[in-house]
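Reviewing the structure listed below.
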Amino acid sequence: MPEGDTIYRAARALGHVLEGKVVTRFEAALAPLPSVDDGTPVEGRTVEKVESRGKWLVIHFSDDLILVTHMRMSGSWHIYRVGERWRRSRGEMRAVIATTDYEAVAFNVPVAKFYTARTLERSSTIPKLGPDLLGAEFASDEAKARLLEHGDEEIANVLLNQRVMAGLGNVYKSEVLFACSVHPFRRVNTLTGAEVDCILERARRFLEANAKDGDAGMVTYTGLRRTTRAADPGARLWVYRRQGKECRRCGTAIRMRRQGPGARSSYWCPECQPEPVEMR
Ligand SMILES: [Zn+2]
């Protein structure tokens, strides 16, 4: 992970190699990490999730232990295969999370702290997640208010912002916007109230339906007969990864463009989701 990389990308890259893996070794060289590790060892826990919250990188371990780091200007996380030579000196190492295959090494990270779910929730420095779309008492009004705070931003980027609403990933981002006939590059302040309501409603509905489906794969488009989970997942979606293919509604070729932090892929139908005026 090169320096200057965004915290968002760092979280994705770390999540890719660490999530679901058991920590085989943990080292720390920055107070107060070692003393906490003595009392509640990280080794043996599973990495459940890596996420970014603002400028903070948040690593969730099993049994309620959370490591939070801030890179400031100097810090960075590197990922190495076990046995691979580090590109920084050992003296710059502040923390190592090792699994069977990888070592994630924090170099020169100036701030690092352990939390529990409860202390993290109480912290005033670490940003909170937005309302959970799958939460039992999903606060639609709150999600709407948070969404509208990002008026100048493109809707597809805002949907991925977990502080606005938690739970929506890159696949559903495109699917939800197609379902509501909203172009992914529209700015939030150009959306009508009905469009905003549609987006929130669909986001929740897609997630709920698919949470029940378990590992059957994500489904938004059910016009075709449902097939087994071995089938091409693209056959069950409206636009995601269907670049160049015919829109299931109108036959126009689906488009894809990279968008926002991390250059995430956005898919849309140029006919069903009219372009914002400034792009024409
Ligand atoms: Zn279309």
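The values are calculated or read from the model by the stated rules, or taken from the named source; none is laboratory data. Worth saying up front: this structure is predicted, and the values here are computed from it rather than measured. With ideal geometry, Cβ positions are generated from the backbone for all residues, glycine too; neighbour counts draw on all protein chains shown. Note: areas computed on protein heavy atoms with side chains; ligands, DNA, RNA excluded. Shrake-Rupley method; radii C 1.70, N 1.55, O 1.52, S 1.80 Å.
Would you please give the residues with an amide H less than 5 Å from that of Ala253, counting only those at least 5 places away or on a separate chain, with H modeled from the backbone geometry? Excluding prolines and chain starts, which carry no amide H, the hits are Cys247.
Bridging of Lys128 to lysines at a Cα separation below 29 Å is possible for Lys21, Lys49, Lys55, Lys113, Lys144, Lys173, Lys212, once same-chain residues fewer than 8 apart are set aside. Residue-wise HN-Hα couplings along the stretch 68-81, as the Karplus relation 6.51 cos²θ - 1.76 cosθ + 1.60 with θ = phi - 60° gives them from phi, are 10, 10, 10, 7, 6, 8, 8, x, 7, 9, 10, 10, 10, 5 Hz; Gly and Pro carry x. Extending 7 Å from Cα along the Cβ direction at Asp63 and again at Thr125 yields two label points whose distance is 2.6 nm. Taken as entire DSSP H runs, the helices of the chain that both span 20 Å or more between Cα atoms along their own long axis and average -0.5 or more on the Kyte-Doolittle scale are 193-213. Calculated FRET efficiency, Leu148 to Glu48, Cβ-Cβ distance, R0 = 41 Å: about 0.85 to the nearest 0.05.
In the context of the full protein assembly, Val17 retains an accessible surface of approximately 10 Å², using a probe radius of 1.4 Å and ignoring ligands and nucleic acids. Pairs of Cα atoms in the stretch 32-85 fall into 5 Å distance bins, from 0 up to the last occupied one, in shares of 4, 15, 21, 24, 23, 11, 1 percent. Residues in the stretch 56-182 average 44 Å² of solvent-accessible surface per residue, probe 1.4 Å, ligands and nucleic acids excluded.
Between Glu271 and Asp197, the distance separating the two model label sites (each 7 Å from Cα on the Cα→Cβ line) works out to 2.9 nm. Simple spin-label estimate for Ala29 and Ala263 gives 3.3 nm between the two label positions (7 Å along the Cα-to-Cβ direction from each Cα).
Charge dipole of the chain (Cα centre as origin; +1 on each Lys and Arg Cβ, -1 on each Asp and Glu Cβ, all else neutral): 740 debye, rounded to the nearest 20. Per residue, the convex hull spanned by the Cα atoms of the stretch 1-123 amounts to 95 cubic angstrom.
On the stretch 35-118, 48 percent of the accessible area sits on carbon and sulfur atoms, based on a 1.4 Å probe.
To the nearest 10, the accessible area of Lys113 is 100 Å² with a 1.4 Å probe. Percent of C-alpha pairs per 10 Å bin in the chain, short distances first: 6, 26, 30, 23, 13, 2, 0. Charge tally around Pro127: other residues with Cβ under 14 Å, Lys/Arg +1 each, Asp/Glu -1 each, net +3.
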